[in-house]
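Throughout, read-outs are computed from the coordinates displayed, never taken from laboratory work. Computed from a predicted model, the values in this text were never measured in an experiment. For neighbour counting, all protein chains shown are included, and Cβ atoms are generated from backbone atoms with ideal geometry for every residue, glycine included.
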Amino acid sequence: MEKIITKQSVPEWIKKLEDYTIYAPIKNEDSWSFEVVEPRQPEVIDLNYLNSSPSPKKVVFPPKEVFFEFTGSIYDRMELKETLPEGRPQVILGIRPCDAAAISRMDEFFSEDVKDPYYLTRRENTILVGLVCNTPPSPNCFCTSVGGSPHGKTGLDILMTDLGDDLYYVESLTQKGVQIMDVPDKPFRQAKSEERSKMRKIHTDSVKNITREIKDMDTIGTRLDNVFNSSLWEEESMGCLRCGICTYLCPSCHCFDVNDEISSTSPLEGKRVRTWDNCQFPDFTMHSSGHNPRPERASRLRQRIFHKIRYSQQNFNNYLCTGCGRCVSNCPVGINMIEILNKI
């Protein structure tokens, strides 16, 4: 299904999706984040946004979530109360193709051997409405180097293209996408042939706008293997502050820790929670024996890049990096994955 909607009609469309929780980019001072849009205030949505911080993965994989609560006493059996995600359907509106592709990578991870009911319940109830990058949302975008595209469709249910002239070209890609376009008094009309031609030209031109590039990606695996023990990692990681910005902002990083948070009034009351973790922290790989196989910054930087580019390709036949450029743009000391891989 290929339709046209005017930009003024987008709020009207959102208001009709009253059975859904809507997440969309909202500007806060000089940055954007995907937040819940109040049903009566869709005008706060800003679809002319640059890269959000953090990525919209937080909608399906929250930074912190409760697995279950527990209560008991030294005399009674412990009682557990599981906390599963709500079943309410939700829409992520305006997600960039690189961020949608990143969520599809997480889909593979969380459903591979041991299926994660917390993630998968939330994901099953989520509809992704993508927005083509007419211009790069970051000067450090490099999606085309890692198999992506500014108009990529991976993971999406709908793809929207800004045609200018106050119009969006809206293409439904799945039945879920058709479902949320099938609203009363539909604010859509049929696309004309000239609008379809314009959409295709915008898609072609959008690829030309990506100027950052990792060279010779067809041989990157072998080249990485050859420098595993290189002094390059020590040199490149020398300035690392271990702040974790690179992975916390990444749309595809999915490492987590699980801890019990105990009540301040009783050690037998509390909750088990999952929180994002970070491979750049010194204690990320600390064993209970006290041994740490990656105590140095160099080994942690090497692991992050190998995981994104080498190991994920071996295990899933896909890069875990989708080229959004957030890690490059936001590292406070300028550690740059693009330059490191090109240097290799």
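How much length would be gained if the chain were fully extended between SER264 and PHE316, taking 0.36 nm per residue of separation minus their Cα-Cα distance, in nm to one decimal?
14.4 nm
Can you work out ³J(HN,Hα) from phi for every residue in the range 113-127, in order, using Karplus 6.51 cos²θ - 1.76 cosθ + 1.60 and θ = phi - 60°, giving whole Hz and x for Gly and Pro?
With the stated coefficients, the range 113-127 comes to 9, 9, 6, 8, x, 5, 5, 5, 4, 5, 5, 4, 9, 10, 10 Hz.
In the range 182-259, which trypsin sites (Lys or Arg not before Pro) fall in coil by DSSP and have 15 or fewer other Cβ atoms within 10 Å?
LYS192, LYS215, ARG242
DSSP loop GluC sites (Glu not before Pro) in the range 1-101 with at most 12 other Cβ atoms within 10 Å of their Cβ, which ones?
When the GluC sites (Glu not before Pro) of the range 1-101 are filtered for loop state and at most 12 Cβ neighbours within 10 Å, GLU18, GLU29, GLU86 remain.
Determine the percent antiparallel among the DSSP beta bridges restricted to the chain, to the nearest 5.
Rounded to the nearest five, the antiparallel share is 75 percent.
Counting helices only, and only those DSSP H runs with n ≥ 4, report the 222 nm mean residue ellipticity of the chain as the sum of -39,500 (n - 2.57) divided by its residues, in deg cm²/dmol to the nearest 500.
So the calculated ellipticity at 222 nm is -7500 deg cm²/dmol.
Would you work out the Kirkwood radius for the range 53-94? I mean one over the mean of 1/r across all pairs of different Cα atoms, in Å.
13.3
Kindly give Rg over Rh for the range 88-184, based on alpha-carbon atoms, with the Kirkwood expression for the hydrodynamic radius.
Rounded to two decimals, Rg over Rh is 1.00.
Can you pull out the trypsin sites (Lys or Arg not before Pro) in the range 8-113 whose DSSP state is coil and whose Cβ has at most 14 other Cβ atoms within 10 Å?
For trypsin sites (Lys or Arg not before Pro) across the range 8-113 that sit outside H, G, I, E and B with at most 14 neighbouring Cβ atoms in 10 Å, the list reads ARG40, ARG77.
Just need the relative contact order of the chain here, percent rounded to a whole number, with Cα pairs under 8 Å and 6+ apart.
It comes to 21 percent, rounded to a whole number.
Run the numbers for THR135 and PHE306: contour at 0.36 nm per residue of separation, minus the present Cα-Cα distance, in nm.
58.6 nm
If you count, for each residue, the other Cβ atoms within 10 Å and average over each peptide, how do 225-237, 259-271 line up from highest to lowest?
My ranking of the peptides, most packed first, is 225-237, 259-271.
Please give the FRET efficiency for SER31 paired with VAL333, using the beta carbon to beta carbon distance and R0 = 22 Å, rounded to the nearest 0.05.
0.65
Starting from one equal scatterer on each C-alpha and no solvent at all, send me the Debye-based log10 I(q)/I(0) for the chain at q = 0.09 Å⁻¹, two decimals.
The calculated log intensity ratios at q = 0.09 Å⁻¹ are -0.55.
Give the lysines reachable from LYS81 as a straight Cα distance under 21 Å; neighbours fewer than 8 places away on the same chain don't count.
Output for LYS81: LYS64, LYS115, LYS271.
Could you calculate the contour length gain from GLU2 to THR285, that is, 0.36 nm times the residue separation minus the distance between their Cα atoms, to one decimal place in nm?
Length gained between GLU2 and THR285: 97.0 nm.
Given the peptides 121-133, 170-182, 323-335, arrange them by the average over their residues of other C-beta atoms within 10 Å, most packed first.
Averaged packing, sorted descending, gives the order 121-133, 323-335, 170-182.
What FRET efficiency, computed as 1/(1 + (r/R0)^6) with R0 = 30 Å and r the Cβ-Cβ distance, is obtained for SER230 and ASN292, rounded to the nearest 0.05?
Between SER230 and ASN292 the formula returns 0.90.
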